[in-house]
1. Of 62, 25, 101, which is the most mobile in a GNM of the chain whose springs link Cα atoms less than 10 angstrom apart?
2. What are the principal axis extents of the Cα atoms in the chain, in Å, biggest first?
3. Relative to the longest principal axis of the chain, what angle (0 to 90°, nearest 10) does the C-alpha long axis of helix 87-97 take?
4. What is the Cα coordinate range of segment 20-118 on the first, second and third principal axes, sorted by size from largest, in whole angstrom?
5. Show me 146-156, 38-48, 103-113 ranked by packing, highest mean number of other Cβ atoms within 10 Å first.
6. Note the angle between two axes, namely the Cα long axis of helix 24-43 and the longest principal axis of the Cα atoms of the chain, as a number of degrees from 0 to 90, rounded to the nearest 10.
7. Normalised by the residues of the chain, what does the relative contact order come to in percent, with Cα pairs under 8 Å and at least six apart?
8. Using Cβ counts within 10 Å as a stand-in for footprinting exposure, how do 137, 35 rank, fewest first?
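Values in this text are rule-based calculations from the coordinates and carry no lab data. These numbers were taken from a predicted model, which means no experiment stands behind them. Please note: Cβ atoms are built from the backbone with ideal geometry, for glycine as well, and neighbour counts cover all protein chains shown.
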């Protein structure tokens, strides 16, 4: 039991740390977007690199923050139904849907993205546009990493919900 508790705490700590650090991408994204808008509308100058950087930052922010979002319980669910359930029933729903949907989806996305990432690295894929970001393979690497973080957070949530369903406290 203490081992499971340590696993839950370790996963939660990992996604908490990732979430707090990736939040800085929001500031960077705002600054890059502001620069792009100012240059475009005041000086009629635009750079492909800056435009691609905007969507690369957004993609990384969105993907990497998904595990943290799950940790905080801010992920998508049908709150109309979920809000009216007892804690025990909520734990059952989260447990069943995690096993039936979350884990298979994460596995499928990781499994199918790995050849995509390997191919991107093998050709050192960059932007097809002149002046674009030369290292697109790094962005593609974020896909399996992000879904691994979501799957790990799913393990943590599943263990927490299992303890609730069994009517037991997760040992500290």
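1. 101
2. Principal-axis extents of the chain (Cα, largest first): 63, 37, 29 Å.
3. Once rounded, the angle reads 60 degrees.
4. 59, 36, 23
5. Order by mean packing, descending: 146-156, 103-113, 38-48.
6. Helix 24-43 sits at roughly 30 degrees to that axis.
7. Relative contact order for the chain comes out at 36 percent.
8. On the way: 137 18, 35 14.
Ordered by Cβ neighbours within 10 Å, fewest first: 35, 137.
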